[in-house]
Amino acid sequence: MNSLFGDRKYIIGGIFLIACIAFIVRIFYMQVIDETLKLDASNETFRHITQYPPRGCIYDRKGRLLVTNEAAYDILVTPSLVKDIDTNSFCTDLGISKPDFISGIKKATIQNTAYHASVFMKEVTPEIYAVLQEKLYKYHGFTSQIRTVRRYPMKVAPHILGYINEVNKELCARNPNYKEGDYIGVSGIEESYESDLRGTKGVKIMMFDAMNKEVGDYKEGKYDTLPLTGANLTCTIDAELQEYGEQLMQNKAGSIVAIDPETGEILALVSSPFYDPNMMVGSVRAKNYGKLLHDSINVPLFNRALMAMYPPGSTFKTIEALIGQQEGVLNENTAFSCPGAFHLGKISVGCDAAHGTLQLEKAIALSCNTYFCNVFMSIMNNKKYSSTEEAFNSWRRYVTSFGIGIRPDIDLPSALRGSLPTQKYYDKYHGRGHWKGATIISLAIGQGELGVTPLQLANQAAIIGNRGYYFLPHIVKSIGDKPTIKKYATKHFVPIDAKYFDIVADGMCDVVNDGTAAASKIPGIIMCGKTGTAQNPNGRNNSLFIAFASKDHPRIAVSVVIERGGWGAEWAAPIASLMIEKYLNDTIKRKDIEKKMLDGNTIQYLADEKNNQKKKKTKTTEKKVATIKKHKHKNE
Amino acid sequence: MSERRANIIPHIDWFAIGIYLMIALIGWLNIYSADYKTAHPGILDFSQRYGKQFIWIITGFIMAFFIMVSEASFFSVFSYLLYGTTIFALIAVRFIGKDIAGSHSWFKIGQIGIQPAELGIFAINLGLAKYLSNEKKAADVKKIRLVAAGMVLFPMLLIVLQNETGVAITYTAFIFVLYREGLSGNILLGGFMLIALFILALVGNKIVLSIVLTGLALAAFLIFTRRKIKDLSRVGAILGLCLAIVFGTNYAFNHLEPHQKKRIQVFLQQNVNNSKEGYNLHQAEIAIASGGLWGKGFLQGTQAKLNYVPAHATDFIYVTPAEEWGFIGATFIIILYFTLIIRLIFLAERQRSPFSRIYGYGVASIFFIHVAINIGMNLGLMPVIGIPLPFISYGGSSFWAFTLLLFIFLRLDADRMQILR
């Protein structure tokens, strides 16, 4: 048989060889040629876990911590693993009810299946977590994940600092830097310096087994990238001054803006009513946000310092005086007589008193309406220009150079431009050629269609203090180790010669010494100021004051607006003087004025007025809320 | 006695033993890697599978040693007795065996499980070799064929009754032995055709298949026969059988066990859900593919180790070397097996005694069928059938069975000079 069928060994060997070759070809195809299956392996085994960098901290100009990070804990649940746990004690520890517990687990199951961990409760405070942590091993299926939340040790400047919020889906789709669950600054510095503060996320490659259990780092973390902490910011705010400003502004609606004229750095920016920034953190945020957003009387989320628009009133007379001089229709000796009102044809503008004949310096000190109506008429009827329109446009260019009517280039989101009417506007309103200087005489005393924000007012004070130039007001001094941004170190000049400023400064000095705001004189400090009492058709006048000090070497320029505060000298001027005294002297000697201001309550007038209007459904507050909302939508 | 033993050593085929040792070492390393966790670094941790496998390997070596020092004639003399004992064990296990995963095929002795279907294959091989070598001069070829077929089919039937269809399938290895000893090549060819027809009937259109088959039959009748009535009836009978298979396939398929049906569907990629019935194969393929050309390196695999691949130390052990050593390692293992099998055929062919030769062919064929089915299913070339990869898969029973099988032949081979022609 051996010899008979001996050749069959070749056939058998051949069959075996064919199988062997077939296998090798198949393996070669699977391992070397076909790429489709390879991705599957890394997809199911490796998870790229994002390592969140701590957000940068924010300090004030003197190195005081304004915003820092604090640990918070997300409690995660894997519903399929929740077995034999003491539900009662768990609910007690977390401070929730049993129905909350059941619905929470249901929600997690729907959201991410029963076999994957999903968030059960967000941002639990360290206090609650401390209790829970010890027993967490007994609560099968529950794990924790550390996150950082913002903390505001000084509880000041909510509008400046802003807050952070979870990004929404649309942004995630648009911007690859963000994934769902990430935080993003949505207002204030948090928004405008988002890219500096957020840092760079790291990636940790973890391996997971078939039961979705984490089994450790891939190659001891060789391919991981470390998260880079966000840059720390130093802002220009003097936290102590800011805090003092907020104290002064309690129970008042309005704002304070203080600028260092030598640099354009914003020293304080108070918008009142304000709130404790810690309210917008962690698990309480959603509730508080709704509450603040729907407070239509106080609109605390509305940053009045940058967004509210007020007629500047008599503070505008300083600009008027400067334009008049530059245009050559006014000098320090120009005299007009005031019979107690300005009359021109059918138009008359009242004055507080019959000032008699006065010159420029005195007119500023006493804030004479008649004088400045005459100045305005001189500007409008200037022989230099062939028409009122041309004179108006020239006037308008000067006003614009003070930053009025243009959006400030500030490193905070949502600053508004105010309102400065154009020729087109008057042409439309009155008809082309049908308006003259007298038609728009309200502009002479800062009324009418004119609207400025407190930030623009403060910058105006800084320009006068500097005798004709300013730096762009800004809020951040340095990012990490990098010094100020270049554009904030550039001088901007107004087209008015420096020599014309002295007489205005003299007048403003008189305002405080023996003029309209004599009560706000600070012993030992030469302050220059200008009151403004802006008419308000709905109720009490708005009280305004701009100031800088000291006169010849200004280190601080301030604007104060107190809504429904009445006379400029009544609330705005004393508050401005206290801010200046605080900043320059560090201590307040005029305790009586301080006490009066601290105790003062003007918000009641606003509240009364709003309540009356509520029935009429005026648009103002709604507009404000809408502005905030619109703004938020833009960012989120 | 000692004089004779000394004579044997140079006749031992150290080449085959060398390959055996290499495969066993590769096997252990891969079980170690498949179960490797940093928490259990001890190589001889007997609570771990690699620790246990170490014991199986060492006891396997001891068993091999005793086979080599035993009398070669023992296996020939006691072959029928061993065959009978195995048949008895296969029947007995039905009644006193442990029920593991729905099959009554294991004897439990303490911690150790013995599966007679797996362990006894050497005895079936011995019995068959003995019968065929004794009866070679007998005139009644038909009777020899019937008895030989029965000697294989009877234990197969017993194993199928134990619900161990996979192990029973490995007994088809003996068809190569029978072919080598004179079985008509047509039967071997017919067997392959049958499988091909079965698959085609499941995958393809039955009407088209029938037309093609009828055309082929007609062509065969016209070209290869003398076109007599006798030829026509013969061709017609074969065609009838083929058509019966084509149309009977569905009936047979529907009468398979559900899991067997699923496995065939997975193999044929019909209605496969990769997270259900297709999971095993899909994960194995993913893991093998992830190895690439050079692999991820020893202990660096992820898919098998992290339990994505089920049974990664037993039926799907091949995944681990393919993942960690890549195409290079996976091919090396196949070449090692191929070399061993071809070496065994070479050794079988040099035997003077038909008994040794037949037994040797049996060993080579059994190895071939195990390697082909196991690696084939890992690669998606075969339906999933739960049988071990020789010397590599975890498990004492299979390691001992293959060692026994191999070393009896090596002992017979070492004795080949003693046998007179």
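Points worth noting:
- Segment A:5-22: number of residues that are facing chain B (nearest Cβ under 7 Å) and modelled with pLDDT under 90: 3
- Considered as a group, the residues in segment A:176-199 that are under 21 Å from residue A:412 (Cβ atoms) and of a type in the set (D, E, K, R) include one that is surrounded by the most Cβ atoms within 10 Å (Cβ to Cβ), and that residue is A:190.
- Residue B:148 vs. criteria in contact (Cβ under 8 Å) with a residue 40 or more places away in the chain, surrounded by 15 or more Cβ atoms within 10 Å (Cβ to Cβ), part of a helix (DSSP H, G or I) and among the small types (Gly, Ala, Ser): no
- Residue A:581 over 23 Å from residue A:510 (Cα atoms) and either at pLDDT 90 or above or open to solvent by less than 50 Å² (accessible area, probe 1.4 Å) (or both): no
- Taking segment B:217-251 as the range and being closer than 30 Å to residue B:163 by Cα and either surrounded by 12 or more Cβ atoms within 10 Å (Cβ to Cβ) or not small (Gly, Ala, Ser) (or both) as the test, the residues that pass are B:241, B:242, B:243, B:245, B:246, B:247, B:248, B:249, B:250, B:251.
- Restricting attention to segment B:169-194, the residues being more than 8 Å from chain A (Cβ to nearest Cβ) and either open to solvent by 10 Å² or more (accessible area, probe 1.4 Å) or assigned to a loop (DSSP other than H, G, I, E, B) (or both) number 15.
- Selection count where residues are farther than 27 Å from residue B:133 by Cα and more than 10 Å from chain A (Cβ to nearest Cβ), scope segment B:334-349: 1
- Verdict on residue B:284 being in contact with a Gly (Cβ under 9 Å, 6 or more places away or on another chain) and modelled with pLDDT of 80 or more: yes
- Taking segment B:211-302 as the region of interest, the helices (runs of 4 or more DSSP H) fully inside it that hold 2 or more residues being within 14 Å of chain A (Cβ to nearest Cβ) and of a type in the set (Ser, Thr, Tyr) are B:279-291.
- Residue match in segment B:304-325 (condition: at the interface with chain A (Cβ under 10 Å from one of its Cβ atoms), open to solvent by 10 Å² or more (accessible area, probe 1.4 Å), among the basic types (Lys, Arg) and within 26 Å of residue B:57 (Cβ to Cβ)): yes
- Among the criteria (1) in contact with a Cys (Cβ under 9 Å, 6 or more places away or on another chain); (2) open to solvent by 10 Å² or more (accessible area, probe 1.4 Å), the one residue A:266 does not fulfil is (2).
Residue-by-condition table, conditions (1) modelled with pLDDT under 90; (2) closer than 30 Å to residue B:380 by Cα; (3) away from every other protein chain (no Cβ under 14 Å); (4) in contact with a strand residue (DSSP E or B) (Cβ under 7 Å, 6 or more places away or on another chain):
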{"site": "A:32", "(1), (2), (3), (4)": "yes, yes, no, no"}
{"site": "A:40", "(1), (2), (3), (4)": "yes, yes, no, no"}
{"site": "A:43", "(1), (2), (3), (4)": "yes, yes, no, no"}
{"site": "A:54", "(1), (2), (3), (4)": "yes, no, yes, yes"}
{"site": "A:59", "(1), (2), (3), (4)": "no, no, yes, yes"}
{"site": "A:62", "(1), (2), (3), (4)": "no, no, yes, no"}
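- Test result for residue A:397, open to solvent by 10 Å² or more (accessible area, probe 1.4 Å), in a loop (DSSP other than H, G, I, E, B) and at pLDDT 90 or above: no
- Given (1) within 23 Å of residue B:347 (Cα to Cα); (2) part of a helix (DSSP H, G or I); (3) modelled with pLDDT under 90; (4) of a type outside the set (Gly, Ala, Ser), index of the condition residue B:22 fails: (3)
- Within segment B:31-43, not a single residue is modelled with pLDDT of 80 or more, assigned to a helix (DSSP H, G or I), within 21 Å of the chain's Cα centre (by Cα) and more than 23 Å from residue B:307 (Cα to Cα).
- Conditions (1) part of a helix (DSSP H, G or I); (2) within 14 Å of another protein chain (Cβ to nearest Cβ); number of the one not met by residue A:47: (1)
- Among the residues of segment A:294-323, those that are under 30 Å from residue A:368 (Cβ atoms) and among the β-branched types (Val, Ile, Thr) comprise A:315, A:318, A:319, A:323.
- Enumeration of residues in segment A:512-560 that are small (Gly, Ala, Ser), under 14 Å from residue A:570 (Cβ atoms) and open to solvent by less than 20 Å² (accessible area, probe 1.4 Å): A:517, A:520, A:529, A:532, A:534, A:543
- All conditions in (1) out of contact with any Asp or Glu (no Cβ under 9 Å at 6 or more places or on another chain); (2) within 28 Å of residue A:302 (Cα to Cα) hold for residue A:386, with the sole exception of (2).
- Scanning segment B:355-368 for residues that are more than 10 Å from chain A (Cβ to nearest Cβ) and of a type outside the set (S, T, N, Q) yields B:355, B:359, B:360, B:362, B:363, B:366.
- Test: residue in segment A:270-288 that is touching a Lys or Arg at 6+ places or on another chain (Cβ under 8 Å), open to solvent by 10 Å² or more (accessible area, probe 1.4 Å) and of a type in the set (Asp, Glu): yes
- Restricting attention to segment A:200-212, the residues that are more than 14 Å from chain B (Cβ to nearest Cβ) and open to solvent by less than 20 Å² (accessible area, probe 1.4 Å) total 1.
- Inclusion of residue A:143 among residues that are farther than 30 Å from residue A:242 by Cβ and open to solvent by 20 Å² or more (accessible area, probe 1.4 Å) is warranted.
- Residue within segment B:247-261 that is among the aromatic types (Phe, Trp, Tyr), touching a residue at least 12 places away in the same chain (Cβ under 8 Å) and closer than 23 Å to residue B:375 by Cα present: no
The values are calculated or read from the model by the stated rules, or taken from the named source; none is laboratory data. What you see is a predicted model, and the numbers here were worked out from it, not measured in a lab. Heads up, the Cβs are rebuilt from the backbone with ideal geometry, glycines too, and the neighbour counts pull from every protein chain shown. Only protein heavy atoms, including side chains, enter the accessible area calculation; ligands, DNA and RNA are left aside. Shrake-Rupley method; radii C 1.70, N 1.55, O 1.52, S 1.80 Å.
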